[in-house]
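Just so it is clear, none of the values below were taken in a lab; they were calculated from the coordinates. Note that this is a predicted model, so its numbers are computed, not measured. Positions of Cβ are backbone-derived with ideal geometry, glycine not excepted, and every protein chain shown enters the neighbour counts.
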Amino acid sequence: MREVLILIGLICQAHACLQRIDQMPGVRDASEIIQRDYNFDKVEQLVAALGLDPDYWSLEEGPSRYIKYDLTRQRLNLYYEGLRVRGFTLQASINSDGQYTGAVSGYVPDISHLDISAGAGVRRKDVKQALVQYVNDNNVRINQGDIDSDDLEHFYFEREIYIDHSTGKASVIFFAKALVNIPNYIRTPKALFDCDLNVIKGRVKVRNKETSGCPNAQGGNVMFPGLTYGPGDGELCLDVRVRGDTCILHSRKFVVKDVLNELDRSKAEIVKFPCKEGLKDESNDGFSANADAFYFSHVFYDVLKSWGKQTEPFDDHITTLYTHYAMWPNAFWDGYAATFGSGDENVYPYAVREVIGHELGHAVTEHSENLVFDGESVAIDEAFADICGKAISAYLDPSFNWKFADNLIRSARDALRYFDDPTRDGRTIANVNDFQTVITDHPALGVGVFDKFFYLVVTDGVPFPDAFEAVVLANRIYWHGETGFYDGACGVLRAASDLNQDVSKYRSAFMHVGINLSFCGLDGTA
Ligand SMILES: *[C@@H]1O[C@H](CO)[C@@H](O)[C@H](O)[C@H]1NC(C)=O
Ligand SMILES: [Zn+2]
């Protein structure tokens, strides 16, 4: 049945399928239905003469052109319930007295069972965002990032009726257009969206049919092989952007730039490679820092969305992850981007999942302008970041362990930190009362206080997603630039109370790390 419908309205020949309006299902030839016996003074009379119910249909006078004596041709735009019917116009003839003669050409579709209220709730900014997304999905601006809605000038949209060429079926749609006029990029995107803002069709310049792909790559490192990425069964799709035959590690949220083991990040380029070859960035015994950075950043976004119930700051702008940053045993968040060192003889490349979550956790904290200054704040900032890293593991694997980054270290120690016993590394503390010993030189070693709290509250029966949500909410709502251990813990307690969780488990977990929250009232937070 479907094949039959497709053949109607489209003339398929050897090399092309051509549209023909007269063959669209349900359309009628205006010249055959109009009563020609009269001249008409008004366009409304043409509507009636075409047998169209004037309660629903109207014609709008468009441009006209004098052809010869006694004949001016005028275009009439067709409206149904006040909405423009895309792709349908009539051509009327006007005599020297300015009357319509009844000679009319063009086609009228059959519109019935149309839910005219469809899309009524769609707002201007929604359509604008859809057009931005359409541009970004169809035009990768290499090394320049995506556009955002501020880049759209002369944005215009209109609710219209669209008739599907194959089926003749009418639906309410949105037509949108704008000018993008930024350095090295001037385009006039236009698109039609259905009422759910899915693209029906559009045009920017060159359209690429394929917009995402699943190239092959191996994650992890020689000692701890990670995920296998690819298009096959049992493989994970990296869901990269595809342009022609090229795969690009660039999405609407994250972009991976490879520093190629140099130190100068300004020379780093967006990772691009032939899709069929897959990722081949093996370095210092790590298989593909690029694939892991791209994949786990998106997983972190999902964790933040589904467990943390917020996604800032990752919707605001595209976050960059720099990989293969020198032979350097660390990773960092610099306020704008996450950077992952290539490791050294003791550690594998730093782009492992929990470290990726950790660095992006700093982005969440920074976005709230939280935990900026003194030692206690630094310790909480690090712990929140650790919890974000651990959340990726817990999200992907219910049987996760409580080591932090246990797939990073080559020897000697088997993890970077230990939630269950932070002191196991011989440096990190696990009780606020020990903070004086580290505050001057290494306040970050206070990370164990909240790491341990988090471990305790989860092992005491608070589901990981609930505890994560409470900590994220505390960060967003209760913490600030100068939050210390006591106030930070009180904020977590109040967040848990806001979320109707069992706060006694939080009080008890904090008590175990030396924080007596009896001072922390919950009045006004329930
Ligand atoms: C917590 O602090 C309150 C108020 O100072 C005190 O009464 C209580 O005994 C403390 N709890 C513990 C277990 O130390
Ligand atoms: Zn950190």
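On the first, second and third principal axes, largest extent first, how far apart are the outermost C-alpha atoms of segment 28-108 in Å?
Computed over segment 28-108, the largest-to-smallest principal extents equal 35, 24, 20 Å.
Roughly speaking, what % of Cα-Cα pairs in the chain are separated by over 39 Å, rounded to a whole number?
44 percent
Using only the alpha carbons of segment 211-353, determine the length spanned along each of the three principal axes and report them from longest to shortest in whole angstroms.
On the principal axes, segment 211-353 reaches 36, 34, 29 Å in Cα extent.
Given 4 °C and 1.567 mPa s, compute D for segment 447-526 with the Stokes-Einstein relation, Rh being the Kirkwood radius over Cα pairs; round to the nearest whole µm²/s.
Translational diffusion coefficient: 107 µm²/s.
Could you work out how far the C-alpha centroid of segment 378-404 sits from that of segment 230-285, in angstrom?
Distance between centres, Cα-based: 25 Å.
Cut-off under 27 Å on the C-alpha distance; same-chain residues fewer than 8 positions from Lys177 excluded. Which lysines are left, in chain and number order?
Lys177 reaches Lys125, Lys128, Lys169, Lys190, Lys201, Lys205, Lys209, Lys253.
Taking each full run of DSSP H in the chain as one helix, which ones are at least 24 Å long along their axis (Cα atoms) and have mean Kyte-Doolittle hydropathy of at least 1.0? Please report the intermediate quantities before stating the final value.
On the way: long enough: 289-306 (25 Å, 0.23); 375-396 (32 Å, 0.65).
Flagged H segments: there are none.
Take the chain, mark every one of the GluC sites (Glu not before Pro) that falls in a DSSP loop and has at most 15 other Cβ within 10 Å, then report the longest stretch left between them, sites excluded.
82-209
With labels modelled as points extended 7 Å from the Cα through the Cβ direction, what inter-label distance (nm, one decimal) is found for Met223 paired with Thr72?
8.6 nm
State the extension gain, in nm to one decimal, for the chain segment bounded by Cys237 and Phe373, taking 0.36 nm per residue of separation less the distance between their alpha-carbons.
Details: separation 136, 0.36 × 136 = 48.96 nm, distance 4.03 nm.
Here the answer is 44.9 nm.
If I stretch the segment between Asn431 and Asn261 completely, what's the gain in nm (0.36 nm per residue apart, minus their alpha carbon distance), one decimal?
Numbers: separation 170, 0.36 × 170 = 61.20 nm, distance 3.84 nm.
Stretched out fully, the Asn431 to Asn261 stretch lengthens by 57.4 nm.
With n ≥ 4 as the cut-off for DSSP H runs, can you work out [θ] at 222 nm for the chain, using -39500 (n - 2.57) per run divided by the number of residues, rounded to the nearest 500? Walk me through the intermediate numbers first.
Details: 11 runs with 134 residues, N = 526.
So the calculated ellipticity at 222 nm is -8000 deg cm²/dmol.
Would you list, by chain and number, the lysines whose Cα falls below 21 Å from the Cα of Lys505, excluding same-chain residues fewer than 8 positions away?
Those lysines meeting the cut-off are Lys390, Lys452.
Using only the Cα atoms of segment 364-485, what do you get for the radius of gyration and for Dmax, in Å?
In order Rg, Dmax, the Cα atoms of segment 364-485 give 14.0, 41 Å.
Got the relative contact order for segment 211-353 handy, in percent, Cα pairs under 8 Å and 6 or more residues apart?
For segment 211-353, the relative contact order is 24 percent.
How far is the Cα center of segment 83-150 from the Cα center of segment 460-506, in Å?
Rounded to whole Å, the Cα centres lie 49 Å apart.
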